[in-house]
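What follows is a set of notes on a single structure, which appears directly below.
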C-alpha cells in the first residue's frame, strides 16, 4: 500500500470530499520499496542513492545476496513515529448486546479497542458477555459533517460498487462504513484508477500485496483488474489488520497506508496522519 494516495485535509473537507481524486504524492516520503524480479542490492543502492551497507543495516539482512521479488525493503530511515492526534469525542454510547455477539465484533463496529470497552465497563472476564447486557462504548467520534451534495451525487452514481464493498465487508466481518471509507479515500470507488506506483483499482492494491492476500488469506489467486477480486482482497486485508491490531482504527489504517512491517516496527508515521484522519471522517459519514 505504499504509493500516491488521496490525502484529504480536514481544512476545507467538504469541498475536497466532493473530488476524492485530488491526490498528493507521498511516495517520496515513504521509506520503503518493493523488490522486483531481477533487482539486486547493488542495483537498488544505485537507483535510490544509498550505500549497500545502509540497505543491509536498515533491513537487518543476514545475506545481502538473497533478496526476492515482493520483499519490502527500507531505503531510508523511517520518519519519526508519532501518536495520532486524539479525535474530538462525544459522550460515550451505549450498546445492548445481542445474542451471539462478542467483544471483538462490538469493538470493530464502533472503532474502539476491546481493552477500551473492558476498561469502560470494568469487565472481569471479556469472554463472558450476555444478551441484553448494556455496554458503555467509550471514545465515540463527534458527529460527522453531512456529506457534501457533490460527493453524495458521486456516491449515488457508483452505487453498484458500494454494493460490492458492502457484500465483501459482510463476508469478512469488516464494518461496512470502514470498508466504504477506505475504498473512497483510495479511489473514489473506481476500478479504473491506477497510481503512478502501480496500485490498482477500487482498493488500490499493489500486485505484490494482492498476491500475498491471495496466497496467505484467501487461498486463491487475486486478479486485481477484476472489481470483485480487487474489493475482496482489499477488504480481507482490512479484516487481517483489524485482527492484528485489536480493532485499533489508527493502526489499522496506518498499516493499510504505510504497510504492516512499518507499523509494527515504527508505529504511525507523520505522513500517515492526514490519511487516517480523512478516512475516519469518511467512515463517520458512511455510518450516518
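Readers should treat all values here as calculations from the given coordinates under stated rules, not as data from a laboratory. All of these numbers come straight from a predicted model, not from anything done at the bench. Quick reminder, even Gly has a Cβ in these numbers, built from the backbone with ideal geometry, and neighbours come from all protein chains shown.
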For peptides 213-222, 42-51, sequence by mean Cβ density within 10 Å, most packed first: 213-222, 42-51
Relative contact order, percent, region 32-74 [alpha-carbon distance under 8 Å, six or more residues apart]: 64
Relative packing of 245-258, 94-107, 271-284, which averages over residues the other C-beta atoms within 10 Å, highest first: 245-258, 271-284, 94-107
Cα gyration tensor shape of region 135-192, rounded if a/c is under 1.5, else prolate or oblate by comparing a/b with b/c: oblate
Per-pair calculated FRET efficiency, R0 = 51 Å: residue 118 and residue 40 via Cβ, rounded to 0.05: 0.55
Rg/Rg_ref, region 32-74, where Rg_ref = 2.2 N^0.38 Å and atoms are Cα: 0.98
Gain on full stretching of the segment that runs from residue 127 to residue 157 - 0.36 nm per residue minus C-alpha separation: 6.5 nm
Cα gyration tensor shape of region 93-137, rounded if a/c is under 1.5, else prolate or oblate by comparing a/b with b/c: rounded
Cα centroid separation, region 156-179 to region 249-287 (Å): 19
